[in-house]
């Protein structure tokens, strides 16, 4: 694909990669794509977001719509979820402006939030109570597998049953390592969108 782009006259390319590359994990798919782009002679920029806020649609959307409940084994687990619109904004500028070639942008949302806080933000956005019910890891995995789709495929990784590569173990990231990064504001000139804003933007998807 990179070769075809170069032959077609493309000059710049962005790669939607993953923050796991920066964290030092040997991912199966991001690294080879990054390496192919770097070897192409094109002007490249890697985008390495952490947790997508949009993952919550696949994980929690069905149960919120049906029962106004989120069942999860780690209610105090924290993340720094990023709005997909911020990833897009950085990608657009990397393609249209000078000064981004050869950069690898690690990106997060603007704040560290627990699962409790994320569920509360979704509840506020839809104007309804959403209950957070703590369940065991096996029960959470069973529920995700019943949902099917993205949730079923990624459930074992998200719940810690397997690592980034073929089920291998990987070191857990400590909560104090999950800090908001200023990348979105540095590139775009405006603060990253909050999770509350993301929840409002997707309120209809949860109703």
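Coordinate-derived values only; no laboratory data. None of the values given here were measured: they were computed from a predicted structure. Here Cβ is always computed from backbone atoms with ideal geometry, including for glycine, and neighbour counts include all displayed protein chains.
For this structure, a couple of remarks:
- Figure legend: label point modelled 7 angstrom from the Cα of residue 65 along Cα→Cβ; residues of segment 181-207 with amide N under 20 Å from it are 198-207.
- Per-peptide packing, taken as the mean over residues of other Cβ atoms within 10 Å, places 73-81, 142-150, 47-55 in the sequence 47-55, 73-81, 142-150 from highest down.
- Sorted by Cβ neighbour density within 10 Å, fewest at the top, the residues 86, 98: 98, 86
- Between residue 95 and residue 128, residue separation times 0.36 nm minus the direct Cα-Cα distance comes to 7.8 nm.
- Within the chain, antiparallel bridges make up roughly 10 percent of the DSSP beta bridges whose residues both belong there.
- Remark: spin-label model distance residue 4-residue 153 equals 2.0 nm, labels positioned 7 Å along the Cα→Cβ axis.
- The GNM of the chain, with springs linking C-alpha atoms under 10 angstrom apart, assigns the highest mean-square fluctuation among 22, 14, 183 to 22.
- Label of the coordinate-derived value, Cα Rg over 2.2 N^0.38 Å, listed as (1) 1.09; (2) 1.19; (3) 1.05: (1)
- Likely footprinting exposure, 198, 44, fewest C-beta neighbours within 10 Å first: 44, 198
- Of 133, 84, 117, the one that fluctuates the most in a GNM where the chain has Cα springs shorter than 10 Å: 133
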